[in-house]
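Novice: This structure is in structure tokens; I'll ask about it shortly.
The values are calculated or read from the model by the stated rules, or taken from the named source; none is laboratory data. Worth saying up front: this structure is predicted, and the values here are computed from it rather than measured. Using ideal geometry, Cβ is built from the backbone for each residue, glycine included, and neighbour counts are taken over all protein chains shown. All accessible areas refer to the heavy atoms of the entire protein, side chains included, with ligands and DNA or RNA removed. Shrake-Rupley method; radii C 1.70, N 1.55, O 1.52, S 1.80 Å.
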Amino acid sequence: MKKLFGIILAAMLCLTAATAQVKSVSVLGDSYSTFEGYLTPATNEIWYFTNTAGGRTDVTDVRQTWWHQLISQQGWKLCLNNSYSGSTICYTGYNGNDYSQRSFVNRAANLGCPDIIFIFGATNDSWAGSPIGDYKYDAITPTDLWQFRPALARLLHFMTTRYLGTRLYFILNDGLKPEINESVLTICQHYGVDVIALHDIHKKSGHPSIKGMQQIAEQITHFLNHHQ
């Protein structure tokens, strides 16, 4: 009986250890990371739908998204996907409109308690021509958050402070303005956040196609394999 109990206990401990090794992942993103039915909050605007009409994209299955492919291949689990189509990191959106509510800064607190967070943003700041601003790491005011550099600094300061023990990665899209790229690399380095710079991503209507999604997943995997 004691021997049997020992075997059962050992099996339970192994199972517990194996379960503990399964990492959870959250995504803080924009349209590139959205998909119908897989967002928290569910009211976030979506770009990728099932059976999308009009031919603007060929991505019509959540399993084709970069994050679903990556998480499945790594054997991880999804914690939360807080992505919002058209969102900027700072408060200034298209045509100078107020994007504060959908901004990365204001959504960063709603990511659950994951082991890994992928921040996939800055694309709309680049496309919308949001003000760049100055590098600023201290005494950032609400007014500063309308500019990209101080907003990104506030975002990363908050996330590195709030999500202790969580590994943060910033995914940087290709084809963005040089000042956006420079800013992301500089500010991420300041906060010790790894940057995964994408290249040659296939897109349709400015967004990753099925091929592009696969490329993103592959390039992230390649980075992780060489930087862990």
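Novice: Place a point 7 Å from the Cα of H227 along the Cα-to-Cβ direction; which residues of the range 118-144 have their backbone N under 13 Å from it?
Specialist: Within reach of a label on H227, which here means backbone N under 13 Å from a point 7 Å along Cα→Cβ, the range 118-144 contributes 118-120.
Novice: How much accessible area per residue does the range 103-162 have, counting only protein heavy atoms and a probe of 1.4 Å, in square angstrom?
Specialist: 39
Novice: Right, here's the next one. Keeping the other protein chains in place, figure out the carbon and sulfur percent of the accessible area of the chain, with a 1.4 Å probe.
Specialist: Carbon plus sulfur share of accessible area: 55 percent.
Novice: Calculated FRET efficiency, N110 and V62, Cβ-Cβ r, R0 25 Å, to nearest 0.05?
Specialist: Efficiency, from the Cβ-Cβ distance: 0.80.
Novice: Determine the shape class of the range 86-129: with a ≥ b ≥ c the square roots of the Cα gyration tensor eigenvalues, call it rounded for a/c under 1.5, and otherwise prolate if a/b is greater than b/c, oblate otherwise.
Specialist: oblate
Novice: Would you compute, from DSSP H runs of 4+ residues alone, the mean residue ellipticity of the chain at 222 nm, taking -39500 (n - 2.57) per run and dividing by the full residue count, rounded to the nearest 500?
Specialist: Computed mean residue ellipticity for the chain: -11500 deg cm²/dmol.
Novice: Leaving out ligands and nucleic acids, note down the accessible area per residue over the range 19-76 with a 1.4 angstrom probe, in whole Å².
Specialist: On a per-residue basis, 45 Å².
Novice: Multiplying the sequence separation of A139 and N51 by 0.36 nm and subtracting their Cα-Cα distance, what value in nm do you get?
Specialist: My answer for the length gained is 27.0 nm.
Novice: Taking the square root of 5 times each eigenvalue of the Cα gyration tensor, what semi-axes in Å does the equivalent ellipsoid of the chain have, largest first?
Specialist: Square roots of five times the eigenvalues give 33, 22, 16 Å.
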